[in-house]
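Worksheet: the structure to be examined is printed underneath.
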Amino acid sequence: DPKQGNIMSFFKKK
Amino acid sequence: MLELRLVQGSLLKKVMESIKDLVNDANFDCSATGFSLQAMDSSHVALVSLLLRSEGFEHYRCDRNLSMGMNLGNMAKMLKCAGNDDIVTVKADDGGDCVTFMFESPNQDKIADFEMKLMDIDSEHLGIPEAEYEAIVRMPSAEFARICKDLSTIGDTVVISVTKEGVKFSTRGDIGTANIVLRQNTSVDKPEEATIIEMETPVSLTFALRYMNSFTKATPLASQVTVSLSSELPVVVEYKIAEMGYLRFYLAPKIEE
């Protein structure tokens, strides 16, 4: 099954 | 000193009902631009971004930038006590430890104020880069909600694929499979019933239906929803808030290992 991605790996911390 | 008077107080009620189950605690940021919020769900899979521009308020006073930490469940409880036609005013003092929600009935014969304690929230603000999306689907928000609800009775994930044929929502589960295809439809009498597909490149992404269903709690905010997709990027599900701003949900895709 595909694995759930994490939003923080797409958007960087400010 | 902060004082925000919103004639259409029901908008704030609807916003809270849309996000309270996804995010527990969040900082509301107030600046000259408007009243905004950015918050992730506890498992860091989805991100909510809300903007209510200052111009949309009947009265907007924000002497200095203020960040107010609130428990969204408690805030929703308080706003639920406002009538649907009530004018809602949000008030806070600089450096204070509480926020006041004032509800006025349209003919001013009932005025209520609810004071809620603020909390310190250590939240991480993420930079969301401007992206050119490979496909943007605009469709009736109720139709999108219906599709997410129907598919979640069959499976846990939805594959959203956009091709020049249209947009396809697919799922599979123990009992079988389901595919729903929507074609572009601009010939309807009412613009809110249109489905418009802008596609640069065909794209196909997999998402958890549990989150999609949670986003659709925002359906009462807007007759149309915009779903923006790019491979390797979170999907953006956007509900415009009439003449004021938006409520956007970002959801990280499921990725093949």
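Pull up the cross-link candidates among the aspartates and glutamates for A:Lys13, meaning alpha carbon to alpha carbon under 20 Å and not fewer than 8 places away within one chain.
Cross-link targets: B:Asp25, B:Asp29, B:Asp41, B:Asp120, B:Asp122, B:Glu124, B:Glu130, B:Glu232.
Multiply the residue gap between B:Arg64 and B:Lys168 by 0.36 nm, knock off their C-alpha separation, and tell me the result in nm, one decimal place.
Net length gain for the segment: 32.8 nm.
Taking every Cα atom in chain B, find the radius of gyration and the maximum pairwise distance Dmax, and write them in Å.
Values for chain B (Cα only, Rg and Dmax): 19.4, 61 Å.
Take the Cβ-Cβ distance between B:Ile196 and B:Asp150 as r, set R0 to 22 Å, and report the resulting FRET efficiency rounded to the nearest 0.05.
0.50
For every other residue with a beta carbon closer than 10 angstrom to the beta carbon of B:Arg5, add +1 if it is Lys or Arg and -1 if Asp or Glu, then tell me the sum.
-1
Most exposed first by the Cβ proxy, i.e. fewest other Cβ within 10 Å, how do B:Arg138, B:Arg210, B:Arg53 rank?
Starting with the residue having the fewest Cβ neighbours, the order is B:Arg210, B:Arg53, B:Arg138.
Quick one: what are the phi-derived ³J(HN,Hα) couplings along the range A:6-11, Karplus 6.51/-1.76/1.60 with θ = phi - 60°, whole Hz, x for glycine and proline?
10, 4, 6, 7, 9, 10
Return one number: the angle in degrees, 0 to 90 and rounded to the nearest 10, between the long axis of the Cα atoms of helix B:10-19 and the longest principal axis of the Cα atoms of chain B.
Relative to chain B, helix B:10-19 is tipped by roughly 60 degrees.
Output wanted: per-residue J couplings in Hz (rounded whole) for the range B:191-204, from phi through Karplus 6.51 cos²θ - 1.76 cosθ + 1.60, θ = phi - 60°, x for Gly and Pro.
Karplus values, whole Hz, x for Gly and Pro: x, 6, 9, 6, 10, 10, 10, 10, 10, 8, 9, x, 9, 9.
Per-residue Cβ counts within 10 Å, from other chains only, averaged over B:49-56: what number is that?
Taking all residues of B:49-56 together, the mean is 0.
How far apart, in nm, are two points set 7 Å out from the Cα along the Cα-to-Cβ line at B:Thr186 and at A:Lys13?
4.5 nm
Give me the inter-chain shielding for B:38-47: mean count of other chain Cβ atoms within 10 Å, whole number please.
If you average over the peptide's residues, the count of other-chain Cβ atoms is 3.
Give the Debye-formula value of log10 I(q)/I(0) at each listed q (0.07 Å⁻¹), with one equal scatterer per alpha carbon of the protein assembly as shown, two decimals each.
Taking Cα atoms of the protein assembly as shown as identical point scatterers yields -0.27.
Once the Cβ-Cβ distance between B:Ser123 and B:Ser231 is put in as r, and R0 is 30 Å, what FRET efficiency do you end up with, to the nearest 0.05?
Plugging the Cβ-Cβ distance into 1/(1 + (r/R0)^6) gives 0.55.
Quick one: if the Förster radius is 25 Å, what FRET efficiency do B:Thr177 and A:Lys3 give, using the C-beta to C-beta distance and rounding to 0.05?
Result of the calculation: an efficiency of 0.75.
Within the range B:184-211, find all residues whose amide N lies under 19 Å from a label point positioned 7 Å from the Cα of B:Glu132 along Cα-to-beta-carbon.
Taking a point 7 Å out along Cα→Cβ of B:Glu132, the residues of the range B:184-211 whose backbone N falls under 19 Å are B:197-204.
Given the range B:118-257, what whole percent of its Cα pairs are spread farther than 26 Å?
Every Cα pair in the range B:118-257 considered, those over 26 Å come to 23 percent.
Once the principal axes of the Cα atoms of the range B:35-100 are found, what is the range along each, listed largest first in whole angstroms?
If we take the Cα atoms of the range B:35-100, the spans are 36, 30, 26 Å.
For the range B:154-160, what does the Karplus curve 6.51 cos²θ - 1.76 cosθ + 1.60, with θ = phi - 60°, yield as ³J(HN,Hα) per residue in whole Hz, taken in order and with x for Gly and Pro?
Whole-Hz 3J(HN,Hα) from phi for the range B:154-160: 9, x, 9, 10, 10, 9, 9.
Fully extended, how many nm does the chain gain between B:Glu256 and B:Ala142 (0.36 nm per residue separation, minus their Cα-Cα distance)?
38.0 nm
None of the figures in this text is laboratory data; all of them are computed from the coordinates on show. Here the structure is a predicted model, which is why all the values come from computation and not from measurement. Note that each Cβ is placed from the backbone with ideal geometry, even for glycine, and that neighbours are counted across all protein chains shown.
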